[in-house]
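Everything on this sheet refers to the single structure shown next.
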Amino acid sequence: MITVVGTGTGAPLPPGVLAGARLVVGGRRHLDAVRLPEGAERVVLGPLAPALDTIEEYLGKGLPVTVLASGDPGFFGIVRVLAERFGADRLDVRPGVSSVAAAFARTGLTWDDAVVVSAHGRDPRTAVNVCRAHPKVAVLTGPGAGPAELGAALRHAFGTPPGTSPDGSVDGSGARVLVVASALGSPRERVERVTPAEAADRDWGPDVSVVLCLDEARTRAPGAVRTVAGGRAEPAGWALGEDEFAHRDSMITKFEVRALALARLGPRLGDLVWDVGAGSGSVAVECARLGAAVVAVEKAADGVERIAANARAHGVYVDVVWGRAPDALAGLPDPDAVFIGGGGAGLPAVVGACAARARRTVVVAMAALDRVPAARAALTGAGFSCDGVLLQSSRLAPLPGEVTRLAATNPVFLLWGTRTPLSDEGVAL
């Protein structure tokens, strides 16, 4: 039997939990904090494979093993690895208080509405994108993905809050604070509140337990009573009607087009989506409602303010960049998916610039027939497989005398390019 004990966030070990253990495995700080039974072997966790092999040797001899882990070892912890190797029926798990629960407790905040994401041993871009999109996030950190790296990525995203217009006025929404919790439960415990820029300029050392990323304007606002834990609830629907958005002279992606565009973009938690030539920001807002981080690029000054207003109205965050593509794209982080709603003679260059950096998909909406061949060529020239449709729809419209007619909407070409995955040898799969 393997007894897995959560420790390290202030709660004492359960009495007698080490009694009889012949092998005790854990991080150095956990092992140094306890008194091992007489004759017990101690294994300091580094690479997992040698430790797992040693555990298997002891189990093969019928000898009891104890594993010390941080907080709740079933929460992004070692329980998963142990269960996969030895079977869940051979584990006796004694959870402690997780670092996430402890950090939120120190700040006086509930966390049933928080998103928890691990950057430990993982690409930190997912954690960064979740922090961009959601007002209350806990990030489990690791080497190369700590407060400094998180702050460096976020200080650019929130350097200019949405609603910032070309005249420099700011509405103040979207600003983030990082709560860095280090050495939780120990005499060296520190819980510090810093801006992303301040976090980026510090060496935080090895003791960081967890980082909370908070939009305090929203996290401390009254909210509805929750019945399901996690971040934002899934939206009840998408492809919202045009009347759900402020827009100018019907310059908005119609909901029929938006429905198919969203299906091809596939926005989800941890993704970053660009909405280029965003106009009213209807696509940007819908992607944010589905959990993605979103950057909307718009060349019109009044459009920048309109996008921010639409995002606020729907309770989501959209990072709005005032500028003309492709030049405005230069300083942005690479996206997973891109929607291009603007047109003009420069469309092929915009499509090419987006396709060069998109990790998964580029979707282009066009009303002009003449633009289609060049946009398609830009996608295929960047190595994307390309498909598309001409969307034509007629909506029900009332006539006098309580009768109904069909009112045609303008036809729109929708192209989408999908990046072909490559094998390790660089060959298209």
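The values are calculated or read from the model by the stated rules, or taken from the named source; none is laboratory data. Remember, predicted model here, so these are calculated numbers, not experimental data. We place every Cβ from the backbone using ideal geometry, glycine too, and count neighbours over all the protein chains shown. The area values use the complete protein model at the heavy-atom level, side chains included, leaving out ligands, DNA and RNA. Shrake-Rupley method; radii C 1.70, N 1.55, O 1.52, S 1.80 Å.
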> Restricting the search to the stretch 76-89, which residues are open to solvent by 50 Å² or more (accessible area, probe 1.4 Å), out of contact with any strand residue (DSSP E or B) (no Cβ under 6 Å at 6 or more places or on another chain) and either closer than 20 Å to L48 by Cβ or in a loop (DSSP other than H, G, I, E, B) (or both)?
Replying inline: R80, E84, R85, A88
> So which residues in the stretch 254-290 are over 22 Å from D243 (Cα atoms) and buried (at least 22 other Cβ atoms within 10 Å of the Cβ)?
Replying inline: L265, P267, D271, L272, V273, W274
>> I need the full set of residues from the stretch 196-205 which are in a loop (DSSP other than H, G, I, E, B) and open to solvent by less than 60 Å² (accessible area, probe 1.4 Å), in order please.
In response: W204, G205
> Would you call L63 at pLDDT 90 or above, farther than 23 Å from H120 by Cβ and open to solvent by less than 30 Å² (accessible area, probe 1.4 Å)?
Replying inline: no
> List, please: which pairs have Cβ atoms under 9 Å, are six or more places apart or on different chains, and start with a residue in the stretch 56-69 that is of a type in the set (D, E) and end with one that is open to solvent by 50 Å² or more (accessible area, probe 1.4 Å)?
Replying inline: E56/R85
> Counting only residues that are aliphatic (A, V, I, L, M) and more than 22 Å from R80 (Cβ to Cβ), which one in the stretch 14-31 is surrounded by the most Cβ atoms within 10 Å (Cβ to Cβ)?
Replying inline: L18
> Does G303 satisfy the condition of being closer than 20 Å to A353 by Cβ, open to solvent by 30 Å² or more (accessible area, probe 1.4 Å) and out of contact with any Phe, Trp or Tyr (no Cβ under 8 Å at 6 or more places or on another chain)?
Replying inline: no
> Taking the stretch 307-316 as the region of interest, how many residues are in contact with a Gly (Cβ under 8 Å, 6 or more places away or on another chain) and surrounded by 24 or more Cβ atoms within 10 Å (Cβ to Cβ)?
Replying inline: 4
> Here are A40, A21: which of them is more than 25 Å from V100 (Cα to Cα) and touching a Ser or Thr at 6+ places or on another chain (Cβ under 7 Å)?
Replying inline: A21
> Across the stretch 341-365, what is the number of residues that are among the β-branched types (V, I, T) and closer than 18 Å to R268 by Cα?
Replying inline: 3
> Given (1) over 20 Å from the mean Cα position of the chain (by Cα); (2) at pLDDT 95 or above; (3) not small (G, A, S), where does F339 come up short, assuming only one miss?
Replying inline: (1)
>> Can you tell me which residue is farthest from A183 (Cα to Cα) among those in the stretch 94-123 that are among the hydroxyl-bearing types (S, T, Y) and not in a strand (DSSP E or B)?
In response: T110
> From the residues in the stretch 267-284 that are in contact (Cβ under 8 Å) with a residue 40 or more places away in the chain and in contact with a Leu (Cβ under 8 Å, 6 or more places away or on another chain), which one is nearest to V115 (Cα to Cα)?
Replying inline: P267
>> Quick check on this structure: which one of A377, A353 is small (G, A, S), assigned to a helix (DSSP H, G or I), within 30 Å of H134 (Cβ to Cβ) and at pLDDT 95 or above?
In response: A353
> V320 passes all but one of (1) over 22 Å from the mean Cα position of the chain (by Cα); (2) open to solvent by less than 20 Å² (accessible area, probe 1.4 Å); (3) aliphatic (A, V, I, L, M); which number fails?
Replying inline: (1)
